[in-house]
Amino acid sequence: MLRTPQQPSSLPEWMLNPPPPRRTVGDRLAGAALALPGAAALRRRWWAWQGRRRLHERYPNAVKVTAFFLCFAAALALVLAANALFGMV
């Protein structure tokens, strides 16, 4: 059943008109950090760096081939290290 505008709400007052959110320690620290000189420029540079195209997006196949050989080399090194350790026994 839909509530018409004339009917009172069944919600308590604190849910209808909640208190304003409190400032947490993180909010205060972020505000203090942003108030430092040069913080805005640093934040813009950080956003630009985050928005750049990653290497694996520019050269996906080259990164896949390189990752394959790196994984192969790491696995080979682990197998050879285990072989050397078992050879000592």
Residue match in segment 17-24 (condition: exposed (fewer than 10 other Cβ atoms within 10 Å of the Cβ), of a type in the set (Val, Ile, Thr) and modelled with pLDDT under 90): no
Can you say whether VAL79 is aliphatic (A, V, I, L, M) and at pLDDT 95 or above, as far as the supplied structure shows? yes
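The values are calculated or read from the model by the stated rules, or taken from the named source; none is laboratory data. Everything numeric in this text was worked out from a predicted model, so none of it was measured. Note: ideal-geometry Cβ built from the backbone for every residue, glycine included; neighbour counts use all protein chains shown.
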